[in-house]
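These notes are about the structure you will find just below.
The values are calculated or read from the model by the stated rules, or taken from the named source; none is laboratory data. All values derive from a computational prediction rather than experimental measurement. Positions of Cβ are generated from backbone atoms using ideal geometry, with glycine treated the same way; all protein chains shown enter the neighbour counts. These area figures cover heavy atoms from the full protein model, side chains too; ligands, DNA and RNA do not enter into them. Shrake-Rupley method; radii C 1.70, N 1.55, O 1.52, S 1.80 Å.
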Amino acid sequence: PVGDNSTKFTGTFDGLDHTISNLTIERPSTDYVGLFGFAHGAEIKNLGLEGGSVSGKKNVGGLVGRNATSTITNAYVTGNVRGHAYFVGGLVGYNDGSSEITDAYATGAVEGDEYVGGLVGRNDHSTITDAYATGDVSGSTMIVGGLVGFNNHHSTIADAYATGDVSVGYYSVGGLVGINKFSSTITNAYATGHVSGSVSGGLVGKNDGSTITDAYATGDVSGNTK
C-alpha cells in the first residue's frame, strides 16, 4: 500500500480516468491496507480499480484504508474486500477528519468483523455524496451497512444508495447504514437489499440522535428488527 500510519500519503493522485486491473493485496495481519494505506490531507481522483481483491486486518478499503482530512472524487472499486477486524469498506475503511467522498462507488463483496460497509466502514465528521454500493456485505459481530457501517459525529450521506444483501452475526445492521449517530444526516437515499441480523432495519439498523429525510428501503428484513 502507498502510505501507512507512520508515513502517510499527503499528495495528489489524479488517475486521469485510467483503471488498475486485478490489484491483489493479501495481508490479513496488517493494518491500513488498500491501494493507499493511509491518506492524510490528500486528494485522490479519477481512478478505477477493476477486479482483484484486498485483504487486511483493520482500516481496510479497496482504494484507501484510512482517508483522513482528504478528498476522493470520481473513483470506484469492483473487487472484493476482506478485513479481519474493524473499519472495513469496499472503497474506504475509515473516512474521517472532515473528509469528502463524492461521485464514487463499489461493487464487490465486503466482509469484516465490525464497522463494515459496502462503500465505507466508518464515516466520522465527513461527507459522502453521489455514491453507491452494490455488493453483499457481511460482518461477524456488529455495525454493518450496505453503504456505510457507522455514520457518526455530524457526518452526512446524501444522494446515495445500496442494493446488496446485508447480514451480521450480532446487532446494528441496516440496508444502507448500520448506525447513524451523533447529529448525522442521511438525505435522498435508499436501500433495496435483504437485511438480516439482530436490531436490524431495511434502511438503518439504529438511528441515534440523527436525521433521516427523503429516504426509503424495499428489501426484506429478518431477525430482531427495530
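Residues satisfying the criterion are absent from segment 3-10 (criterion: under 16 Å from the mean Cα position of the chain (by Cα) and either part of a loop (DSSP other than H, G, I, E, B) or more than 17 Å from Y115 (Cβ to Cβ) (or both)). The set of residues from segment 212-226 being open to solvent by 70 Å² or more (accessible area, probe 1.4 Å) and polar (S, T, N, Q) comprises T218, N224, T225. Residues in segment 67-76 that are farther than 15 Å from A104 by Cα and in a loop (DSSP other than H, G, I, E, B): T69 only. Scanning segment 14-47 for residues that are of a type in the set (A, V, I, L, M, F, W, C) and under 15 Å from L63 (Cβ atoms) yields I20, L23, I25, V33, L35, F36, F38, A39, A42, I44, L47. Of the candidates T73, T107, T102, T69, the single residue that is among the β-branched types (V, I, T) and over 19 Å from T156 (Cβ atoms) is T107. Among the residues of segment 13-32, those that are surrounded by 12 or more Cβ atoms within 10 Å (Cβ to Cβ) and either touching an Asp or Glu at 6+ places or on another chain (Cβ under 9 Å) or of a type in the set (S, T, N, Q) (or both) comprise F13, D14, T19, I20, L23, T30, D31, Y32.
Among the residues in segment 87-96, are any open to solvent by 40 Å² or more (accessible area, probe 1.4 Å), modelled with pLDDT of 95 or more and closer than 20 Å to I25 by Cα? Taking every residue of segment 87-96 in turn, none turns out to be open to solvent by 40 Å² or more (accessible area, probe 1.4 Å), modelled with pLDDT of 95 or more and closer than 20 Å to I25 by Cα. Could you tell me whether any residue of segment 48-57 is surrounded by 24 or more Cβ atoms within 10 Å (Cβ to Cβ), farther than 19 Å from N22 by Cα and basic (K, R)? Scanning segment 48-57 turns up no residue that is surrounded by 24 or more Cβ atoms within 10 Å (Cβ to Cβ), farther than 19 Å from N22 by Cα and basic (K, R).
Of all residues in segment 156-176 being in contact with a Phe, Trp or Tyr (Cβ under 8 Å, 6 or more places away or on another chain) and buried (at least 24 other Cβ atoms within 10 Å of the Cβ), which is nearest to D103 (Cα to Cα)? This residue is A160. State whether one or more residues within segment 98-117 are closer than 22 Å to E43 by Cα, acidic (D, E) and touching a residue at least 12 places away in the same chain (Cβ under 8 Å). Yes - at least one qualifying residue is present in segment 98-117. Is it the case that some residue within segment 137-144 is at pLDDT 95 or above and outside any strand (DSSP E or B)? Taking every residue of segment 137-144 in turn, none turns out to be at pLDDT 95 or above and outside any strand (DSSP E or B).
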